[in-house]
Amino acid sequence: MITGINHVTLAISDLERSFDFYVRVVGLKPVAKWDRGAYLEAGKDWICLSLDSQTQPGPTADYTHLAFSVDSAAFEACAEAIRSHKAVIWKDNKSEGDSLYFLDPDGHKLEIHSGDLATRLAALKAHPYDGLEVYVQE
């Protein structure tokens, strides 16, 4: 049985640039670093940065992205750090809660978000998507 997401690996083209971005700008905690990669903590979750000669430059056209949780009290400070780094903003927020959608140096689509699944479901209850079916019990 699946118990959670173990980790997310991001293919990167420049380890120092990506390590600096994720630690200094996004605020992840460095755990380990070696010649071709690094492990970073995002709360209780971990991210692997992995040098990859086949990393595709720029963002994909689809909506696939990785969202990091940010406490609502810290959201503006985190968002300002990202904006001041001149990270490219790829989408305006239209969902519940505070969100900032931005690109990393390799064009991976990222988001910081101050809500959680419970707040998203409450928003869906108030404004349901077409064809919505909810499977969790309250």
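Compute the acute angle (0 to 90°) between the alpha-carbon long axis of helix 117-126 and the principal axis of greatest extent of the alpha-carbon atoms of the chain; round to the nearest 10°.
40 degrees
Give me, ordered by chain and number, the residues 5 or more places off Ile12 or on other chains with an amide H under 5 Å from its own placed amide H.
Here the answer is Ser50, Leu51, Asp52, since their amide H atoms fall under 5 Å of that of Ile12.
Taking the beta-carbon count within 10 Å as an exposure proxy, list Asp71, Asp130 from fewest neighbours to most.
Lowest to highest Cβ neighbour count: Asp130, Asp71.
Mind listing the long-range amide H neighbours of Trp90? Cut-off is under 5 Å, sequence gap 5 or more, other chains count too, H placed in the peptide plane at 1.01 Å from N.
Placed amide hydrogens put Tyr101, Phe102, Leu103 under 5 Å from Trp90.
Calculate how steeply helix 75-84 sits against the longest principal axis of the alpha-carbon atoms of the chain, using the helix alpha-carbon long axis, and give the answer as 0 to 90 degrees to the nearest 10.
The angle comes out at about 40 degrees.
By counting other Cβ atoms within 10 Å of each Cβ, how are Ser53, Ser95, Ser84 ranked from fewest to most?
Ser53, Ser84, Ser95
Counting only C-alpha contacts under 8 Å and six or more residues apart, can you give the relative contact order of the chain as a whole percent?
21 percent
Exposure proxy check: Tyr135, Tyr22 ranked by fewest other beta carbons within 10 Å?
If I rank by nearby Cβ atoms, fewest first, I get Tyr135, Tyr22.
Let me check the size of region 8-124 from its C-alpha atoms; what are the radius of gyration and Dmax in Å?
My reading of the Cα-based Rg and Dmax gives 14.2, 45 Å.
So if R0 is 35 Å, what FRET efficiency would Met1 and Asp71 give, r being the distance between their Cβ atoms, rounded to the nearest 0.05?
It comes out at approximately 0.70.
From the phi of every residue in region 59-64, what ³J(HN,Hα) in whole Hz does the Karplus formula 6.51 cos²θ - 1.76 cosθ + 1.60 yield, where θ is phi - 60° and glycine or proline is x?
These are the phi-based 3J(HN,Hα) values: x, 6, 7, 7, 8, 4 Hz.
Tabulate in residue order the Karplus-calculated ³J(HN,Hα) for region 96-106, using 6.51 cos²θ - 1.76 cosθ + 1.60 with θ = phi - 60°, rounded to whole Hz; enter x for Gly and Pro.
Values, residue by residue: 5, x, 6, 9, 10, 9, 8, 9, 7, x, 9 Hz.
For each pair in Lys44/Lys94; Lys29/Lys94; Lys29/Lys109, compute the distance between the two Cα atoms and list the pairs where it is over 24 Å.
Beyond 24 Å between Cα atoms: Lys44/Lys94; Lys29/Lys94.
Using a basic spin-label model with each label point 7 Å from the Cα along Cα→Cβ, how many nm lie between Asp20 and Leu124?
Taking the simple label geometry, Asp20 and Leu124 are separated by 4.1 nm.
If you restrict to DSSP beta bridges whose two residues both lie in region 8-124, what percentage is antiparallel, to the nearest 5?
65 percent
Just tell me which aspartates and glutamates come within less than 20 Å, Cα to Cα, of Lys33; anything on the same chain fewer than 8 places away is out.
Asp14, Glu16, Asp20, Glu41, Asp45, Asp52, Asp104, Asp106
Read the figures in this text as sums done on the coordinates, not as results from a lab. Keep in mind it's a predicted model, so treat the numbers as computed, not measured. All Cβ positions, glycine included, derive from the backbone under ideal geometry; neighbour counts span all protein chains shown.
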